[in-house]
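**Student:** Below are the structure tokens for one structure; questions will follow.
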Amino acid sequence: EAGVAQSPRYKIIEKRQSVAFWCNPISGHATLYWYQQILGQGPKLLIQFQNNGVVDDSQLPKDRFSAERLKGVDSTLKIQPAKLEDSAVYLCASSLLFSDRVNSPLHFGNGTRLTVT
Amino acid sequence: AQSVAQPEDQVNVAEGNPLTVKCTYSVSGNPYLFWYVQYPNRGLQFLLKYITGDNLVKGSYGFEAEFNKSQTSFHLKKPSALVSDSALYFCALEGTNAGKSTFGDGTTLTVKP
């Protein structure tokens with residue numbers, strides 16, 4: 001099966017600029033996640049979708065971050081305006097069913113490495 | 001609140017020797033525990049999980065992990081390390097009441113020939 005696709009792979013922007021990341025999950029996966037992975041740390045969940053509805057966005061900095069999953073398939077994550085501390089790898093992951101979460105391990109994309117200067 | 005700790009930033013072993021990567025957790029209720037591996041410039045790949053049942057679980061690439069409830073640990077093991085096992089390993093916890101994964105900060109495993 002095709003894996004989770006993310007683009008772009010790398011992005012360099014200046015602070016206060018905006019940026020958007022795109023994710024296409026594995027076909028048929030109802031649940032989609034965006035994680036932020038800062039260098040030297042484990043991934044931190046930003047937002048979780050079940051189909052096109054938000055399940056958890058408690059750790060999403062909503063003053064600058066937004067995400068959507070139109071039609072329950074592709075997703076975009078946007079940062080506006082970016083800060084220096086947003087420099088990180090942004091990982092998208094998908095899983096089959098949230099209701100069977102423990103039997104549906106996360107499948108991760110290769111991530112987008114964001115550098116804010 | 002739930003948490004995961006990986007007490008070692010770095011583990012070095014010689015090829016052919018057994019390896020252990022440590023993980024401890026804290027959660028209310030029963031834990032669901034996972035190990036993922038990350039190669040350079042790649043996303044995380046699922047290795048194995050503990051949900052219930054046998055305390056020793058087997059996963060991909062010859063890895064296994066031992067769940068110890070009294071010590072709240074879930075250490076990753078392999079009887080004979082390969083150079084190709086060199087990577088960054090993450091332990092993750094999903095509490096039955098929380099519904100979301102919490103990751104440790106990772107352990108870099110280096111296997112030397």
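The values are calculated or read from the model by the stated rules, or taken from the named source; none is laboratory data. Just so it is clear, the model here is predicted, and its values are computed rather than measured. Reconstructed Cβ throughout: ideal geometry from the backbone, glycine too, with neighbour counts over all protein chains shown. Side chains included, ligands, DNA and RNA excluded: accessible areas come from the protein's heavy atoms. Shrake-Rupley method; radii C 1.70, N 1.55, O 1.52, S 1.80 Å.
**Student:** Give me P(r) over the protein assembly as shown, computed from all C-alpha to C-alpha distances, binned every 5 Å, as integer percentages.
**Tutor:** 1, 7, 14, 18, 19, 16, 13, 7, 4, 1, 0
**Student:** How large a share of the accessible area of the protein assembly as shown, in percent, is made up of carbon and sulfur atoms when the probe is 1.4 Å and the other protein chains stay in place? Working shown, then result.
**Tutor:** Values: 5400 of 10960 Å².
Here it works out to 49 percent.
**Student:** Still on this model: Per residue, how big is the convex hull of chain B when only Cα atoms are used? Give it in Å³.
**Tutor:** Values: hull volume 10.7 nm³, N = 113.
For chain B, the hull spanned by Cα atoms encloses 95 Å³ per residue.
**Student:** Sticking with this one: Using the Cα atoms of segment A:1-115, I'd like the radius of gyration and the largest Cα-Cα distance, Dmax, both in angstrom.
**Tutor:** Cα-based Rg and Dmax for segment A:1-115 come out at 13.3, 41 Å.
**Student:** Apply 1/(1 + (r/R0)^6) to the Cβ-Cβ distance of A:THR115 and B:ASN17, taking R0 = 35 Å, and write down the FRET efficiency to the nearest 0.05. Don't skip to the end; give the middle numbers.
**Tutor:** Numbers: r = 38 Å, r/R0 = 1.08.
Calculated transfer efficiency: 0.40.
**Student:** Sticking with this one: Before anything else, pin down the relative contact order of segment B:3-112: Cα pairs under 8 Å, at least 6 apart, normalised by residue count, whole percent. Please report the intermediate quantities before stating the final value.
**Tutor:** Details: 275 pairs, mean separation 42.1, N = 110.
Contact order relative to length: 38 percent.
**Student:** Using a Cα-Cα cut-off of under 20 Å, which aspartates and glutamates could be cross-linked to A:LYS78, ignoring same-chain neighbours fewer than 8 residues away?
**Tutor:** Once the sequence-local aspartates and glutamates are set aside, what remains near A:LYS78 is A:GLU14, A:ASP56, A:ASP57, A:ASP63, A:GLU68, A:ASP86.
**Student:** Taking a 29 Å limit on the Cα-Cα distance, which of the listed pairs A:LYS83/B:LYS112; A:LYS71/B:LYS22; B:LYS58/B:LYS112 fall beyond it? Walk me through the numbers on the way to the answer.
**Tutor:** On the way: A:LYS83/B:LYS112 39 Å; A:LYS71/B:LYS22 41 Å; B:LYS58/B:LYS112 24 Å.
Correct reply: A:LYS83/B:LYS112; A:LYS71/B:LYS22.
**Student:** Nothing charged except the Cβ atoms of Lys and Arg (+1) and of Asp and Glu (-1): what's the magnitude of the dipole of the protein assembly as shown about its Cα centre? Round to the nearest 20 debye. Before the final figure, lay out the partial values.
**Tutor:** On the way: 22 positive and 19 negative charges, 86 e Å.
Dipole magnitude for the protein assembly as shown comes out near 420 debye.
**Student:** Per-residue counts of other Cβ atoms within 10 Å, averaged by peptide: what ranking do you get for A:69-82, A:24-37, highest first? The partial results should precede the final answer.
**Tutor:** Values: A:69-82: 16.4, A:24-37: 20.6.
Output ranking for A:69-82, A:24-37: A:24-37, A:69-82.
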